[in-house]
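A.B. asks: Handing you a structure now.
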Amino acid sequence: MGTKYVRLNERLYRYLGRCRSDASDPLLQELRAETAALGEEVSKCQISDEQGTFLSVLTAATGVKSAIEVGTFTGYSSLCIARALPARGRLICLDANRKWTAVARKYWVKAGLQDRIELRLGPAIPTLRELAPGLAFDFAFIDADKTEYDAYYELLLPRIRRNGLILFDNMLWGGRLGAGAVKEATGRAIDALNHKLASDKRVETVLLPVADGIQLCRKR
């Protein structure tokens with residue numbers, strides 16, 4: 001059998017975008033527009049529309065009550081996760097940028113979710129190390145400094161409950177992986193982590209071609 005996949009093009013991608021349950025959500029559209037106004041070099045840090053819907057579906061379907069996000073930016077992913085939590089659910093967001101997360105805070109309030117979300121400003125690794133003993137999570141989404149992904153993983157995995165999920169964004173590195181040796185530190189870090197996760201007996205994992213690649217890990 002040959003490989004089974006469909007090549008995306010602009011027409012198919014637009015079709016895909018229309019076939020989401022939150023495709024016409026006005027608050028998400030407003031946030032995307034405000035983020036786009038920051039300029040292409042900045043706004044490219046935002047996750048795609050379908051990734052946000054995917055996060056919401058996973059959060060709700062797996063009954064997540066406690067979640068953590070490393071890398072919040074202007075808040076699109078946190079909004080999608082927090083919306084899918086139960087009324088007493090909790091999301092901790094880690095980010096070092098006060099300006100971008102001020103946009104996130106604004107939209108959390110607009111969505112009425114500010115009581116479910118706690119923002120902790122500062123570098124991610126020290127902040128993760130300072131989490132309270134015994135604090136555990138059902139779900140983690142990681143979208144920050146790619147060279148630190150493996151460190152985030154090792155710090156978070158002991159805090160993830162059995163059958164809990166860890167998701168990493170940008171794990172296809174713009175489609176540049178799999179074509180030979182990688183020279184850039186970011187690409188090497190992502191490539192190394194992809195291979196590590198594939199053989200890590202602590203998790204079951206699949207690399208999904210959603211946007212720039214989502215690595216989905218279930219803790220055994």
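A.B. asks: Whole-Hz Karplus ³J(HN,Hα) for segment 204-217, in order, using 6.51 cos²θ - 1.76 cosθ + 1.60 and θ = phi - 60°, x for Gly and Pro?
C.D. replies: Those phi angles translate into 10, 9, 9, 9, 9, x, 9, 6, 9, x, 10, 8, 10, 10 Hz.
A.B. asks: What residue among ALA61, ALA144, ALA179 shows peak mean-square fluctuation when the chain is described by a Gaussian network model with Cα springs under 10 Å?
C.D. replies: Per the Cα network of the chain with a 10 Å cutoff, ALA179 tops the list.
A.B. asks: Hey, another quick one. Spelling out what I want: for every residue of segment 108-115, take phi, set θ = phi - 60°, compute 6.51 cos²θ - 1.76 cosθ + 1.60 (Karplus), and round to whole Hz; glycine and proline get x.
C.D. replies: 4, 5, 4, 8, x, 10, 4, 7
A.B. asks: Which of the residue pairs LYS4/LYS65; LYS44/LYS183; LYS4/LYS146; LYS44/LYS65; LYS44/LYS106 have a Cα-Cα distance greater than 26 Å in the structure shown?
C.D. replies: Going by Cα-Cα distance, LYS4/LYS65; LYS4/LYS146; LYS44/LYS65 fall outside the 26 Å limit.
A.B. asks: OK, next. Could you order VAL182, VAL203 so the one with the most accessible surface comes first? Probe is 1.4 Å.
C.D. replies: Ranking VAL182, VAL203 by accessible area, largest first, yields VAL182, VAL203.
A.B. asks: Moving on to the next point. Per residue, how much accessible area does the chain show when a 1.4 Å probe rolls over the protein heavy atoms, in square angstrom?
C.D. replies: About 53 Å² of surface per residue is accessible.
A.B. asks: Further, regarding this structure: Let me know the Rg and Dmax you get for segment 128-220 when you use only its Cα atoms, in Å.
C.D. replies: Computed over the Cα atoms of segment 128-220, radius of gyration and Dmax are 13.2, 42 Å.
A.B. asks: Also, I was wondering about something else. Keeping the other protein chains in place, figure out the carbon and sulfur percent of the accessible area of segment 1-111, with a 1.4 Å probe.
C.D. replies: For segment 1-111, the apolar C and S fraction of the accessible surface comes to 56 percent.
A.B. asks: With springs only between Cα atoms under 10 Å apart, run a GNM on the chain and tell me which of LYS201, LYS146, LYS106 wobbles the most.
C.D. replies: Comparing LYS201, LYS146, LYS106 in a Gaussian network model of the chain, the most mobile one is LYS201.
A.B. asks: Stokes-Einstein diffusion coefficient for segment 113-177 at 20 °C in a medium of 1.002 mPa s, Rh from the Kirkwood formula over Cα pairs: what value in µm²/s?
C.D. replies: Result for D is 162 µm²/s.
A.B. asks: Name the residue, out of LEU156, LEU91, LEU121, whose mean-square fluctuation peaks in a Gaussian network model built on the chain with Cα pairs under 10 Å.
C.D. replies: LEU121
A.B. asks: Calculate, in whole percent, how much of the Cα-Cα pair population of the chain lies beyond 21 Å.
C.D. replies: Summing the P(r) tail past 21 Å for the chain gives 55 percent.
A.B. asks: Quick check on segment 1-120: what does the Kirkwood estimate of hydrodynamic radius come out to from the alpha carbon pairs, in Å?
C.D. replies: 15.2 Å
A.B. asks: To the nearest 10 square angstrom, what accessible area does ARG116 show with a 1.4 Å probe?
C.D. replies: 50 Å²
A.B. asks: Find how many whole Å separate the alpha carbon centroid of segment 9-31 from the alpha carbon centroid of segment 163-212.
C.D. replies: 26 Å
A.B. asks: Helix-only estimate, please: 222 nm mean residue ellipticity of the chain, summing -39500 (n - 2.57) across DSSP H runs of length 4 or more and dividing by its residues, to the nearest 500.
C.D. replies: -11500 deg cm²/dmol
A.B. asks: If you add up the charges near LEU16, with Lys and Arg at +1 and Asp and Glu at -1, over every other residue whose beta carbon is less than 11 angstrom from its beta carbon, what do you get?
C.D. replies: +1
The values are calculated or read from the model by the stated rules, or taken from the named source; none is laboratory data. Quick caveat: nothing in here was measured; it's all calculated off a predicted structure. With ideal geometry, Cβ positions are generated from the backbone for all residues, glycine too; neighbour counts draw on all protein chains shown. Quick note on the areas: whole protein, heavy atoms, side chains included, nothing else; ligands and nucleic acids left out. Shrake-Rupley method; radii C 1.70, N 1.55, O 1.52, S 1.80 Å.
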